[in-house]
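The values are calculated or read from the model by the stated rules, or taken from the named source; none is laboratory data. Computed from a predicted model, the values in this text were never measured in an experiment. Cβ: placed from backbone, ideal geometry, glycine included. Neighbour counts: every protein chain shown.
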Protein chains: 2
Amino acid sequence: MRAEIIGIGTEILLGQISNTNAQWMSDRLAEIGMDVLHQQVVGDNVERIAEAFRLALSRSDVVIATGGLGPTQDDVTRDGLARALGVGFERHPEIEELLRGKFARLGRDMPESNLLQADVPAGGRYITPERGTAPGLVCEVDGKRLYAVPGVPAEMREMMEGTILPELRALAGEGAIVSRVVRCTGIGESRVSTLLDDLFHMSTNPTVAYLASSGEVKVRLTAKAATSDEAARRIAPVLEEVVARLGDFVFTTNDELLEEALVRLLAESGKTLACGESLTGGEVAERITAVPGASESFLGSAVTYSPESKRAVLGVSTETLDSEGPASETCAREMAAGARKLFGADVGLGLTGVAGPEPHGGKEPGSVWIAIDADDVHHARFFLSPGDRDQVRRWASNAALDLARRYLEGRPLPDADRII
Amino acid sequence: MRAEIIGIGTEILLGQISNTNAQWMSDRLAEIGMDVLHQQVVGDNVERIAEAFRLALSRSDVVIATGGLGPTQDDVTRDGLARALGVGFERHPEIEELLRGKFARLGRDMPESNLLQADVPAGGRYITPERGTAPGLVCEVDGKRLYAVPGVPAEMREMMEGTILPELRALAGEGAIVSRVVRCTGIGESRVSTLLDDLFHMSTNPTVAYLASSGEVKVRLTAKAATSDEAARRIAPVLEEVVARLGDFVFTTNDELLEEALVRLLAESGKTLACGESLTGGEVAERITAVPGASESFLGSAVTYSPESKRAVLGVSTETLDSEGPASETCAREMAAGARKLFGADVGLGLTGVAGPEPHGGKEPGSVWIAIDADDVHHARFFLSPGDRDQVRRWASNAALDLARRYLEGRPLPDADRII
């Protein structure tokens with residue numbers, strides 16, 4: 001079955017917001033085996049919206065539009081859909097009641113303009129909103145299915161997950177589709193593709209696909225079968241093979257973020273972690289603390305951006321700063337040990353280097369030293385990171401999180417001098 | 001003139017990457033006064049690419065495609081464009097020479113597949129690549145202009161800025177377009193729109209537009225005139241009026257990020273800054289240090305995620321932790337003062353609170369306390385932030401950066417108990 005996504009909103013065409021809904025929806029549709037062959041974006045204009053629906057109906061089996069279902073004059077998706085289908089509206093009193101109830105609970109009167117949201121194109125049905133006030137719309141024509149959902153991401157996702165994806169799975173037949181995602185870091189996409197080349201080309205159920213971004217590579221296995229259990233059984237041996245081939249580079253087989261995997265491993269091991277950061281400027285701590293529950297095992301990070309603060313806060317020696325400089329392996333080691341001591345943690349991470357864009361202290365941009373320190377490990381490594389300032393910081397924080405991940409899993413730590 | 005953007009790449013349709021190019025291009029086209037009425041996305045398929053070009057030519061004056069110009073078998077934008085125009089290819093030896101030169105400088109042989117990049121649809125011209133190896137393509141048909149540029153964002157931007165935007169400005173006539181962006185924080189979009197309502201509705205040259213995101217509001221003024229000087233003169237009085245009305249909430253009139261404005265103000269004042277962070281987990285430091293040159297005035301941040309580390313690292317008193325708790329105004333004040341002392345900075349910022357999603361220590365999610373400490377200021381404020389964990393952290397870091405910005409500009413600090 002072919003699906004098509006229509007983003008509706010002048011703010012997308014003006015470049016004021018990114019069409020992130022389209023990415024999320026495409027990803028979820030791919031997961032259930034729907035082929036998305038086209039995406040469109042049009043503004044808040046009834047005729048252009050109607051044209052977009054007509055075009056989509058001419059080439060796709062399922063059309064999902066997002067945006068333009070609010071109560072203002074700008075919100076004309078409802079009208080564009082009705083015009084494309086050549087139908088009028090039916091007012092649904094139960095939607096009106098629902099909306100009045102939502103406003104009453106907020107202690108506010110419902111503006112009359114919201115009544116429009118109780119109108120559904122004739123012959124269609126609606127999806128009840130949980131969070132927002134805009135109902136979703138569902139119409140069928142010539143065996144094709146059209147959906148319209150709000151543009152607010154949380155409201156869109158609620159209707160996709162609660163109604164549309166289950167309906168489409170059912171439409172697609174009795175089969176089940178199961179996906180598993182293996183994520184790895186410290187290894188390039190070209191090496192992953194070499195290692196998995198035969199699986200990528202030969203395995204059709206499950207299919208094997210990969211994608212590189214920000215210093216990591218995702219491998220997604222997707223299997224179809226009569227039941228989810230059977231699909232899962234089809235995936236199991238291929239998943240095992242992929243994990244065996246990628247080995248120590250794999251940080252999760254459950255689509256976790258690297259920082260989520262690390263927080264999980266810390267909780268499992270009962271160990272606490274602290275950091276001393278320079279070139280990453282707090283990014284390591286920021287990523288770890290973005291994970292709910294991180295406070296159980298993450299004690300903190302000393303972001304020491306000046307040489308003097310490395311000495312005063314983390315206890316880096318004057319000798320190291322004078323001889324090797326703040327961007328050096330010894331400094332990274334002393335920062336890791338210093339952070340561990342300062343916060344009283346079981347494990348310390350230290351990161352220093354040159355984020356760029358300019359060289360610093362004779363070291364070229366992209367030079368990164370990271371170190372890990374614990375009772376049973378005192379390890380450091382250097383690498384030259386590709387990319388601009390943001391990318392260098394991202395690669396550095398990835399490498400540090402992964403160093404801690406490998407340590408907690410009892411895996412070999414990358415060589416001190418390995419170049420990514 | 002109407003413009004249309006075509007994103008080409010199966011990875012966009014699979015939701016593996018976001019179509020960020022479309023947003024960037026739309027934004028820049030809006031800036032020079034081009035109306036983007038449609039965006040399309042298609043995969044790496046010759047016929048569907050050709051159809052997308054034909055559709056775009058039927059309704060737009062300028063078509064810009066991005067992606068699919070690489071040297072692999074998947075890269076078929078060149079073929080789709082030629083098919084849409086019904087023409088063959090002309091090989092340009094000077095492109096071949098350029099490509100061989102690029103490979104030679106990298107010390108590598110050029111794969112024969114790269115030769116395809118020397119093919120230009122007959123009658124068209126090309127844009128010389130600076131960074132990458134893929135030339136851009138330019139074709140004209142029936143007075144309409146088609147461009148194809150690489151999908152790698154840096155390569156796309158290079159061709160847009162170096163060739164396409166200047167050409168389109170020239171196409172649009174002799175006039176000049178100048179934009180200025182005023183950014184403010186600590187004020188909601190609805191209040192900005194109320195304050196600027198008459199300008200938004202009445203001013204046509206410059207036009208006034210606004211957009212809210214992540215706790216800030218951007219106001220963009222765009223003027224057209226025969227020369228840039230004249231356009232700038234048209235903007236000046238309206239810019240002055242906007243700034244006067246928004247007052248202390250404005251942090252830049254030059255489209256800087258809040259952290260860029262802060263780093264600039266620190267440099268101008270010669271003052272140094274340090275932070276003590278809890279709920280933001282390093283985000284304040286991460287944002288400041290993302291600005292090149294931040295190391296001149298930003299000394300560091302102590303991310304103290306446990307109560308004990310607030311005491312041991314930042315010197316928060318046991319009494320405060322026991323009586324008011326780590327999420328409290330007094331704790332924020334002691335963190336600001338402690339960070340200032342620890343790093344020997346002129347100005348200290350302290351942030352604590354509950355990022356959520358769960359309540360903590362009897363305080364509800366979204367509770368944020370921030371404080372600033374310097375010789376001449378000891379100020380704290382509380383607010384309840386809307387949103388999920390990420391949003392609470394973003395609002396908190398915005399509010400702290402803005403507190404420092406206001407202090408350095410000598411503006412009034414928000415009331416301690418003001419609710420955003």
Considering only the stretch B:306-347, how many residues are of a type in the set (A, V, I, L, M), buried (at least 19 other Cβ atoms within 10 Å of the Cβ) and over 22 Å from B:Asp375 (Cβ atoms)?
2
Hey, any hits in the stretch A:348-364 for a residue that's among the acidic types (Asp, Glu) and either closer than 22 Å to B:Arg340 by Cα or buried (at least 24 other Cβ atoms within 10 Å of the Cβ) (or both)?
no
Residue that is farthest from the other protein chains (Cβ to nearest Cβ), among those in the stretch B:383-398 that are surrounded by 24 or more Cβ atoms within 10 Å (Cβ to Cβ) and small (Gly, Ala, Ser):
B:Ser385
Considering only strands (runs of 3 or more DSSP E) fully contained in the stretch A:249-339, which possess at least 2 residues that are within 23 Å of A:Lys218 (Cβ to Cβ)?
A:250-252
Some residue of the stretch B:270-290 being crowded, with 18+ Cβ neighbours inside 10 Å and more than 11 Å from chain A (Cβ to nearest Cβ):
no
Mind listing whichever residues of the stretch A:1-51 are more than 7 Å from chain B (Cβ to nearest Cβ), assigned to a strand (DSSP E or B) and not aliphatic (A, V, I, L, M)?
A:Arg2, A:Glu4, A:Gly7, A:Asp35
Does B:Glu296 satisfy the criteria of being out of contact with any Lys or Arg (no Cβ under 6 Å at 6 or more places or on another chain), at pLDDT below 95 and either buried (at least 21 other Cβ atoms within 10 Å of the Cβ) or within 12 Å of chain A (Cβ to nearest Cβ) (or both)?
yes
Residue that is nearest to A:Met1 (Cα to Cα), among those in the stretch A:65-85 that are part of a loop (DSSP other than H, G, I, E, B) and among the acidic types (Asp, Glu)
A:Asp75
Scan the stretch A:37-64 for residues that are under 22 Å from B:Ala3 (Cβ atoms) and aliphatic (A, V, I, L, M) and jot them down.
A:Val41, A:Val42, A:Val46, A:Ile49, A:Ala50, A:Ala52, A:Leu55, A:Ala56
Could you pull out the residue among A:Val138, A:Val152 that is at pLDDT below 95 and in the same structural domain as A:Ala22 (by TED's automatic domain parsing)?
A:Val152
Only one of A:Ser309, A:Ser278 is among the hydroxyl-bearing types (Ser, Thr, Tyr), touching a residue at least 24 places away in the same chain (Cβ under 8 Å) and touching a strand residue (DSSP E or B) at 6+ places or on another chain (Cβ under 7 Å), namely A:Ser278
Within the stretch A:141-156, considering residues that are touching a helix residue (DSSP H, G or I) at 6+ places or on another chain (Cβ under 9 Å) and farther than 16 Å from A:Ile8 by Cα, the one surrounded by the fewest Cβ atoms within 10 Å (Cβ to Cβ):
A:Asp142
For the stretch A:364-376, how many residues are out of contact with any helix residue (DSSP H, G or I) (no Cβ under 6 Å at 6 or more places or on another chain) and away from chain B (no Cβ under 14 Å)?
5
A:Leu349 meets each of (1) away from chain B (no Cβ under 12 Å); (2) under 13 Å from B:Val303 (Cβ atoms); (3) not in a strand (DSSP E or B) with one exception, condition (3)
How many of the residues making up the stretch B:86-111 are in a helix (DSSP H, G or I), touching a strand residue (DSSP E or B) at 6+ places or on another chain (Cβ under 8 Å) and of a type in the set (Phe, Trp, Tyr)?
0
In this structure, does A:Ala236 turn out to be among the small types (Gly, Ala, Ser), at pLDDT 95 or above and either crowded, with 16+ Cβ neighbours inside 10 Å or more than 30 Å from A:Gly132 (Cβ to Cβ) (or both)?
yes
Which one of these is under 26 Å from B:Arg54 (Cβ atoms), without any contact (Cβ under 8 Å) to a residue 60 or more places away in the chain, surrounded by fewer than 13 Cβ atoms within 10 Å (Cβ to Cβ) and in contact with an Asp or Glu (Cβ under 8 Å, 6 or more places away or on another chain): B:Arg91, B:Arg83?
B:Arg91
Could you pull out the residue among A:Arg311, A:Arg393 that is closer than 23 Å to B:Val284 by Cα and within 26 Å of the chain's Cα centre (by Cα)?
A:Arg393
Determine if the stretch B:106-113 includes at least one residue that is crowded, with 18+ Cβ neighbours inside 10 Å and either outside the structural domain of B:Glu241 (by TED's automatic domain parsing) or small (Gly, Ala, Ser) (or both).
yes
Of the residues that sit in the stretch B:189-204 and are among the polar types (S, T, N, Q) and surrounded by 13 or more Cβ atoms within 10 Å (Cβ to Cβ), which one is farthest from the other protein chains (Cβ to nearest Cβ)?
B:Ser203
Find all pairs meeting these conditions: Cβ atoms under 6 angstrom apart; at least six residues apart or on different chains; first residue within the stretch B:335-363 and free of Cβ contacts under 8 Å to residues at least 60 places away in the same chain; second residue surrounded by 24 or more Cβ atoms within 10 Å (Cβ to Cβ) and in a helix (DSSP H, G or I).
B:Met335/B:Leu314; B:Gly356/B:Val392
Subset tally (residues that are part of a strand (DSSP E or B), under 27 Å from A:Arg406 (Cα atoms) and of a type in the set (A, V, I, L, M)) for the stretch A:176-210:
4
Could you say whether any residue in the stretch B:401-416 is touching a Gly at 6+ places or on another chain (Cβ under 8 Å), in the same structural domain as B:Pro326 (by TED's automatic domain parsing) and at pLDDT 85 or above?
yes
Determine if the stretch B:221-229 includes at least one residue that is touching a helix residue (DSSP H, G or I) at 6+ places or on another chain (Cβ under 9 Å) and either in a helix (DSSP H, G or I) or of a type in the set (Lys, Arg) (or both).
yes
